[in-house]
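Trainee: Below is the structure I would like to discuss, written out as structure tokens.
The values are calculated or read from the model by the stated rules, or taken from the named source; none is laboratory data. Not measured: the values here are computed from a predicted model. Note that we place each Cβ from the backbone using ideal geometry, even for glycine, and neighbour counts take in every protein chain shown. Accessible surface is based on the protein model in full, side chains and every heavy atom, while ligands, DNA and RNA are left aside. Shrake-Rupley method; radii C 1.70, N 1.55, O 1.52, S 1.80 Å.
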Amino acid sequence: MDRIYLDNAATTPLDKRVIAEMVHVMENFYGNPSSIHAQGREVRTLLEKARKTVAGLLNAVPAEIFFTSGGTEADNMAIRCGIAAFGIKHAITSKIEHHAVEHTMDQLLKDGTIDKLSYVNIDHKGAINYDHLEQLLQENPRSMVSLMHANNELGTLTDVERVGEICEKYDAIFHSDTVQTMGHYVHDVRKLKAHFIVCAAHKLHGPKGVGFIYINHNIKINPLIFGGAQERNMRGGTENIYGIVGLAKALELAYADMEQHQKEVQELKSYMKEKLLAEVPGIGFNGETEPEKSLYTVLNVCFPEMEMSDMLLFNLDINGISASGGSACSSGSNIGSHVLTAIGADPNRPSVRFSFCKHNTKEEIDYVVEKVRQIVEQNVAV
């Protein structure tokens, strides 16, 4: 069997239709969209068409969409520029956010931009405590709240519409890292009371190095990156037109095929979960796994204590299986997953995140489960 790729939460393969769209632009359009001549105007038209496509899918207006180099830049822009624009001194997040949020918040506290950083309580599956969030906002209104839609390691979903309503009640600024869910769920920004949401195209079969930030039209921030007048003076630098066109195409395809893909990929995830439980003793799962509470593309598997557990991913790799994972941080050690540590996972039990996409099959899952069974039998501690 060919190699099996189950690391789609890290990045996805490019859709051939996205490649075709990008190649067409590469071969036929080379002007700078800031130039006023014919070639520049042609490319400007492509740029604004892509912006209109993205905005339409999100029920936004084009003036609310700004293209970036990816999710990390977009998260930084939302948090740093949002806090600066409103003079916010208190931020609320969780201990299972992506490093693009976690490290940004830590730095803002360290350099004195904010005076206080609070963490909303989470349970052992990574679900946030909404009552605690409200309590934090009662004590500190007009805070910056940054909570992701779906955790990239666990798959646990947050009710971002509920979070948005709580934030609105206390006049808080709400940013949600939607990188893992963009293109997998409908994001209607007129219903979602968020000031910022973000995208990285490579998570939805688009190109790497491009993304966008949605900024609600009711707020005004200054740029993160200064330079030229690109992106309506909000993001200096010549636009990555090939990437932007690819992003818009990928998101358009994702929305068109969303219902079918949700059903098919959820079936794969459920199939793998049940098969692992039936065939591999000692297997468990980190985070939520129920369909209504969990991102359908992610299954985080907790293995029994094993000899040479640090070789687990390597053993999968040499058997032709690409996945990612780790374990909770051991006492006194900074090495390990901050997410698994935050939910109280056993540091002696290794974990692997298997993440799926539309290209995976049940035959691949059968092969993976068989190899997992063999690896556990050969290495489980007696």
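Trainee: Can you spot a residue in segment 96-108 that is on the phi > 0 side of the Ramachandran plot and either free of Cβ contacts under 8 Å to residues at least 24 places away in the same chain or acidic (Asp, Glu) (or both)? Break it down into steps so the answer makes sense when it comes.
Mentor: Filtering segment 96-108 for residues on the phi > 0 side of the Ramachandran plot gives none.
Within segment 96-108, not a single residue is on the phi > 0 side of the Ramachandran plot and either free of Cβ contacts under 8 Å to residues at least 24 places away in the same chain or acidic (Asp, Glu) (or both).
Trainee: Moving to a separate point now. State whether one or more residues within segment 176-187 are modelled with pLDDT of 95 or more, open to solvent by 10 Å² or more (accessible area, probe 1.4 Å), of a type in the set (A, V, I, L, M, F, W, C) and part of a loop (DSSP other than H, G, I, E, B).
Mentor: Scanning segment 176-187 turns up at least one residue that is modelled with pLDDT of 95 or more, open to solvent by 10 Å² or more (accessible area, probe 1.4 Å), of a type in the set (A, V, I, L, M, F, W, C) and part of a loop (DSSP other than H, G, I, E, B).
Trainee: Please tell me if residue 249 is closer than 23 Å to residue 12 by Cβ, open to solvent by 40 Å² or more (accessible area, probe 1.4 Å) and part of a loop (DSSP other than H, G, I, E, B). Explain how you work it out, then say what you get.
Mentor: Working: closer than 23 Å to residue 12 by Cβ: yes; open to solvent by 40 Å² or more (accessible area, probe 1.4 Å): yes; part of a loop (DSSP other than H, G, I, E, B): no.
Considered against the rule, which asks whether it is closer than 23 Å to residue 12 by Cβ, open to solvent by 40 Å² or more (accessible area, probe 1.4 Å) and part of a loop (DSSP other than H, G, I, E, B), residue 249 comes out as no.
Trainee: While we're looking at this one, here's another question. Return the pair list, or none, for Cβ contacts closer than 6 Å from residues in segment 201-218 that are closer than 19 Å to residue 152 by Cα and modelled with pLDDT of 95 or more to residues that are among the acidic types (Asp, Glu) and assigned to a loop (DSSP other than H, G, I, E, B), at least 6 apart or on different chains.
Mentor: Listed by first residue and then by second, the contacts come to 205/15.
Trainee: How many of the residues making up segment 252-274 are free of Cβ contacts under 8 Å to residues at least 60 places away in the same chain and open to solvent by less than 40 Å² (accessible area, probe 1.4 Å)? Before the answer, list the steps.
Mentor: We begin by selecting, within segment 252-274, every residue free of Cβ contacts under 8 Å to residues at least 60 places away in the same chain; these are 256, 259-260, 263, 266-267, 270, 273-274.
Filter again for open to solvent by less than 40 Å² (accessible area, probe 1.4 Å), leaving 266, 273.
Residues that pass the stated criteria total 2.
Trainee: Hey, another quick one. Given the options 102, 48, name the one that is open to solvent by 10 Å² or more (accessible area, probe 1.4 Å), among the charged types (D, E, K, R) and in contact with a His (Cβ under 8 Å, 6 or more places away or on another chain). Walk me through how you get there before you give the answer.
Mentor: Details: 48 fails: in contact with a His (Cβ under 8 Å, 6 or more places away or on another chain).
Answer to the selection: 102.
Trainee: Taking segment 123-159 as the search range and keeping residues that are within 20 Å of the chain's Cα centre (by Cα), among the small types (Gly, Ala, Ser) and open to solvent by less than 10 Å² (accessible area, probe 1.4 Å), which one is nearest to residue 323 (Cα to Cα)?
Mentor: Among them, the one singled out is 155.
Trainee: Give the residue, chosen from 74, 91, 85, that is touching a Lys or Arg at 6+ places or on another chain (Cβ under 9 Å), surrounded by 16 or more Cβ atoms within 10 Å (Cβ to Cβ) and in contact (Cβ under 8 Å) with a residue 24 or more places away in the chain. I'd like the intermediate steps shown before the answer.
Mentor: Values: 74 fails: touching a Lys or Arg at 6+ places or on another chain (Cβ under 9 Å); 85 fails: surrounded by 16 or more Cβ atoms within 10 Å (Cβ to Cβ).
Matching residue, one of 74, 91, 85: 91.
Trainee: Here is a further query. Among the residues of segment 275-317, write down those that are without any contact (Cβ under 8 Å) to a residue 24 or more places away in the chain, farther than 22 Å from residue 156 by Cβ and of a type in the set (D, E, K, R).
Mentor: Listed by number, the list holds a single entry, 317.
Trainee: Separate question: Going through segment 5-30 one residue at a time, which ones are out of contact with any His (no Cβ under 7 Å at 6 or more places or on another chain) and not hydrophobic (A, V, I, L, M, F, W, C)? Steps first, please.
Mentor: Of the residues in segment 5-30, the ones out of contact with any His (no Cβ under 7 Å at 6 or more places or on another chain) are 5-10, 16-17, 19-30.
Selection gives 5, 7, 8, 16, 17, 21, 24, 27, 28, 30.
Trainee: Can I ask one more? Residue 213: assigned to a helix (DSSP H, G or I), touching a helix residue (DSSP H, G or I) at 6+ places or on another chain (Cβ under 8 Å) and either within 21 Å of residue 69 (Cα to Cα) or open to solvent by 60 Å² or more (accessible area, probe 1.4 Å) (or both), yes or no?
Mentor: Working: assigned to a helix (DSSP H, G or I): no; touching a helix residue (DSSP H, G or I) at 6+ places or on another chain (Cβ under 8 Å): yes; either within 21 Å of residue 69 (Cα to Cα) or open to solvent by 60 Å² or more (accessible area, probe 1.4 Å) (or both): yes.
No.
Trainee: Additional query: Among the residues of segment 341-377, how many are touching a Ser or Thr at 6+ places or on another chain (Cβ under 6 Å) and either open to solvent by 20 Å² or more (accessible area, probe 1.4 Å) or among the hydrophobic types (A, V, I, L, M, F, W, C) (or both)?
Mentor: Summing the residues that are touching a Ser or Thr at 6+ places or on another chain (Cβ under 6 Å) and either open to solvent by 20 Å² or more (accessible area, probe 1.4 Å) or among the hydrophobic types (A, V, I, L, M, F, W, C) (or both) in segment 341-377 gives 4.
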